[in-house]
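Here is the structure we will look at, set down as structure tokens.
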Amino acid sequence: MSPEETSEALRARFGDSVLDVVHFRGEVTALIQRDLIVEVAGYCRDELQYNYLSDVTATDWLDRRPRFDVVYHLTSLEHWNRFRLKVQVDDGQQVPTVIPVWRAANWGEREVWDLFGVEFEGHPDLRRLLLPEGWIGHPLRKDYPQTQIALPRPKSDKVLQRD
Amino acid sequence: MVTTPSTGDTMVLNLGPHHPSTHGVLRLLLELDGESVINVTPDIGYLHTGIEKTGERLKYQQVITLADRMGYLDNMLDELAYVLAAEKLLGIEVPERVKWIRVLLSELERIGSHCVWLGTHALDMGALSMFMYGFREREKILDIKELISGVRMMTFYFRIGGLMADLPPEFEPKVREFLAYMPSKIDEFEELLTLNEIWIERTKGVGRISAEDAIALGCSGPTLRASGVPYDVRRVNPYSGYENFDFDVITGTNGDVYDRFYCRMQEMRQSLRIVEQALDTMPDGPWRIDDRKIVPPPKDELVSSMESLIHHFKLFTEGLKPPPGEVYAAIEGARGEMGIFLVSNGTGKPYRFHMRAPSLYNLQALPHMSRNHMVSDIIAIIGSIDIVLGEVDR
């Protein structure tokens with residue numbers, strides 16, 4: 001099943017819940033309604049043989065509403081092709097987790113939470129993945145400065161100071 | 001840090017981050033019952049440098065250096081993934097010769113990376129001499145890299161639209177020499193380990209993962225193929241002319257530490273096959289595309305042609321400007337599917353630059369592989385998935 005056929009099949013099955021299909025450089029992206037992502041993912045895995053999740057990531061479009069794209073890269077080890085699913089989510093809204101469909105999404109979703117601050121509803125262990133616990137802010141957001149960030153002073157500083 | 005609640009009489013042991021067998025700075029929280037491991041919680045991020053954020057403020061051609069520094073054992077493969085993504089975004093096709101050179105160097109890089117893996121993995125398990133041997137062979141590959149780019153590790157040799165320079169005339173004899181030398185060394189490695197009783201005892205049946213679990217957890221590369229799944233990006237989605245080369249995709253059956261070891265050993269031989277074919281069939285021709293909007297003009301033109309000077313100036317002040325859009329380019333790195341997700345908004349800098357690091361997803365499967373093993377087996381399992389923390393943490 002080629003990526004084009006995949007997008008056709010998704011349109012046939014989910015109708016208007018497939019908000020947009022983009023073709024670019026031989027890659028096909030389907031924009032899905034956010035609350036249907038688990039259902040669409042399950043359909044892609046079971047009916048369309050996209051049994052391998054390559055990656056979960058996100059993009060921050062600062063001035064757009066909804067602000068974030070959450071991007072899923074699907075790979076079919078049966079048909080040897082790739083497909084991209086996308087949902088849009090605004091700051092403070094939640095995306096249902098796709099861990100029930102692909103367990104591989106666990107760390108990917110934690111990374112998106114860590115670096116973008118997008119919450120995944122139903123994630124069993126939504127902690128920061130790369131940054132330390134207690135970090136303030138989400139660095140890959142476009143409004144997070146690249147340099148000169150005032151970090152909270154670690155508590156141990158007091159111990160090191162001498163009177 | 002939250003750990004899984006203890007059940008009964010267990011103890012939590014910290015492995016790493018400063019531990020030689022963690023191959024960098026990986027911290028594992030082991031929940032132990034006696035000496036058997038009930039649960040493993042990896043804690044990563046000690047090498048996090050924000051490469052993706054940094055990439056957003058560099059020009060497209062500068063980001064290659066970041067890709068270099070991510071998977072520092074197979075940096076040319078990471079470079080390749082990035083330049084392929086950028087070329088896909090620009091919609092350009094590079095000349096045959098460039099593809100062949102890229103394939104050749106990628107495969108050398110794969111051998112070099114596997115040599116380090118073999119050395120460190122065997123060292124963890126007590127085979128001290130393998131460490132010396134592994135690094136000795138890798139040295140030859142570093143010499144070749146130095147010959148072509150002037151740098152031993154962070155080569156910055158693959159560029160968008162071509163290469164840094166053409167191959168020097170000494171390149172071919174040097175690679176031929178390596179091709180004649182290396183097979184006997186791989187035989188030597190195999191003599192030392194493949195049928196070594198102690199090695200088999202330590203690795204067979206350890207850290208097993210089934211094909212279904214490996215697919216579900218997103219494993220790739222030798223870690224996935226050892227479980228019997230023939231997923232190799234070189235074969236599945238050929239890039240850079242891989243469809244023209246003859247090689248076997250090596251798979252295992254048991255998905256244990258020994259099979260992962262065996263897959264990588266055989267992969268080195270397959271890589272040598274590809275290197276030889278690439279060298280034999282190396283086409284002549286340009287080593288970069290002829291598009292002044294993408295590659296800089298030759299240096300001597302700058303003093304004689306105003307137009308070249310303008311192109312040069314525009315390219316280095318504004319950068320390349322791909323059309324808005326997003327692409328995902330994947331290659332078969334030494335550790336698995338290395339993917340680059342690149343989003344352009346039409347300016348000279350990537351709007352979003354994301355790396356799908358194979359080590360990250362392979363490491364995610366570590367808790368699954370480690371349950372109900374001894375602590376010493378955990379060391380074997382970490383070695384067998386061949387993580388590079390620079391890639392995991394980015």
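The values are calculated or read from the model by the stated rules, or taken from the named source; none is laboratory data. Keep in mind that what you see is a predicted model, and the values were worked out from it rather than measured. Cβ sites come from the backbone with ideal geometry, for glycine too, and all protein chains shown count toward neighbours. These accessible areas exclude ligands, DNA and RNA; they are computed on the full protein's heavy atoms, side chains included. Shrake-Rupley method; radii C 1.70, N 1.55, O 1.52, S 1.80 Å.
In table form, for the structure just shown:
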read-out: Residue ID - farthest from B:R352 (Cα to Cα), chosen from residues in the range A:18-32 that are surrounded by fewer than 18 Cβ atoms within 10 Å (Cβ to Cβ) and modelled with pLDDT under 90; value: A:L19
read-out: Candidates B:I274, B:I310, filtered to the one that is in contact with a helix residue (DSSP H, G or I) (Cβ under 9 Å, 6 or more places away or on another chain) and either outside any loop (DSSP other than H, G, I, E, B) or within 14 Å of chain A (Cβ to nearest Cβ) (or both); value: B:I274
read-out: Subset of the range B:348-359 [within 18 Å of A:R141 (Cα to Cα) and not in a strand (DSSP E or B)]; value: B:K349, B:P350, B:Y351
read-out: Wholly within the range A:45-156, strands (runs of 3 or more DSSP E) carrying at least 2 residues that are buried (at least 16 other Cβ atoms within 10 Å of the Cβ), more than 10 Å from chain B (Cβ to nearest Cβ) and touching a residue at least 40 places away in the same chain (Cβ under 8 Å); value: A:68-76, A:81-89, A:94-96
read-out: Wholly enclosed helices (runs of 4 or more DSSP H) of the range B:183-260 bearing at least 1 residues free of Cβ contacts under 8 Å to residues at least 12 places away in the same chain and under 30 Å from B:W100 (Cα atoms); value: B:233-236
read-out: Filter result for A:V70 (touching a helix residue (DSSP H, G or I) at 6+ places or on another chain (Cβ under 6 Å) and either hydrophobic (A, V, I, L, M, F, W, C) or modelled with pLDDT of 90 or more (or both)); value: no
read-out: Filtered residue count, the range B:146-185, keeping only those that are open to solvent by 10 Å² or more (accessible area, probe 1.4 Å), polar (S, T, N, Q) and farther than 17 Å from B:V275 by Cα; value: 1
read-out: One residue from B:A334, B:A330 being open to solvent by 10 Å² or more (accessible area, probe 1.4 Å), in contact with a helix residue (DSSP H, G or I) (Cβ under 6 Å, 6 or more places away or on another chain) and of a type in the set (A, V, I, L, M); value: B:A330
read-out: Answer from B:Y351, B:Y361 - the residue that is within 30 Å of B:V206 (Cα to Cα) and among the aromatic types (F, W, Y); value: B:Y361
read-out: Spans of strands (runs of 3 or more DSSP E) in the range B:1-109 with at least 3 residues buried (at least 18 other Cβ atoms within 10 Å of the Cβ) and more than 14 Å from chain A (Cβ to nearest Cβ); value: B:27-33
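Results for (1) open to solvent by 10 Å² or more (accessible area, probe 1.4 Å); (2) aliphatic (A, V, I, L, M); (3) closer than 22 Å to B:E79 by Cβ; (4) without any contact (Cβ under 8 Å) to a residue 24 or more places away in the chain, shown as yes or no for each residue.
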{"site": "B:I340", "(1), (2), (3), (4)": "no, yes, yes, no"}
{"site": "B:V343", "(1), (2), (3), (4)": "no, yes, yes, yes"}
{"site": "B:G346", "(1), (2), (3), (4)": "yes, no, no, no"}
{"site": "B:R356", "(1), (2), (3), (4)": "no, no, yes, no"}
{"site": "B:S384", "(1), (2), (3), (4)": "no, no, no, no"}
